[in-house]
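The structure appears below as structure tokens.
The values are calculated or read from the model by the stated rules, or taken from the named source; none is laboratory data. The structure presented is a predicted model; accordingly, all values stated were derived computationally and were not measured. Note that we place each Cβ from the backbone using ideal geometry, even for glycine, and neighbour counts take in every protein chain shown.
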């Protein structure tokens, strides 16, 4: 069965800030008549303060996101054959990536203890789509969308984040993975780009595949 026509499919879309994961999540969910599970960054009261003062607010920011995401996913038990598919713009398994970037050793140890109690509640996705792009491209997109708290993001932090994503997904094997170079893809405004990616997802056969759209 084509994954996009599977009634119980769970598709997680991941990538660093500016990659377009939320935009793609909306479009793909609409395309396949799926439910949405979205990260609500604006609900995190610590996020803007974290970008201004990372050391002080890293733990509070990370734990808020962890509890938020865990609560959102906890209702996703293994669906039956006729349930609605779900598309989400985050993967809880990847959550420690941010924690390791921002927390000191003692804070990370506390975070790990809490995380290990929560991750067992999360179902395995049927597909993870990892959107990747160079930091310079991501920074340009971040500046264009002009979200106030994101203007505080440093180039150094973004470089480290992109590198952490690349290393994480280089070893990822917990679910089928489609790695998409999104530097020259416009999921929002270009219907051809979007449908080309949909066709690529539908044609996926192996546990790890790649899609690179040239300019």
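Which of the residues that make up the stretch 163-208 are modelled with pLDDT of 90 or more, part of a loop (DSSP other than H, G, I, E, B) and surrounded by 16 or more Cβ atoms within 10 Å (Cβ to Cβ)? Answer for the stretch 163-208, where residues must be modelled with pLDDT of 90 or more, part of a loop (DSSP other than H, G, I, E, B) and surrounded by 16 or more Cβ atoms within 10 Å (Cβ to Cβ): 172, 175, 176, 182, 183.
Listed here are the residues, each with its yes/no results for (1) at pLDDT 90 or above; (2) crowded, with 16+ Cβ neighbours inside 10 Å; (3) closer than 30 Å to residue 67 by Cβ; (4) under 17 Å from the mean Cα position of the chain (by Cα).
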position	(1), (2), (3), (4)
105	yes, no, yes, no
138	yes, yes, yes, yes
149	no, no, yes, no
215	no, no, no, no
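Here residue 184 fulfils each of the conditions (1) in contact with a strand residue (DSSP E or B) (Cβ under 8 Å, 6 or more places away or on another chain); (2) free of Cβ contacts under 8 Å to residues at least 60 places away in the same chain apart from (1).
The number of residues in the stretch 188-212 being in contact with a helix residue (DSSP H, G or I) (Cβ under 7 Å, 6 or more places away or on another chain) and over 12 Å from residue 127 (Cβ atoms) comes to 4.
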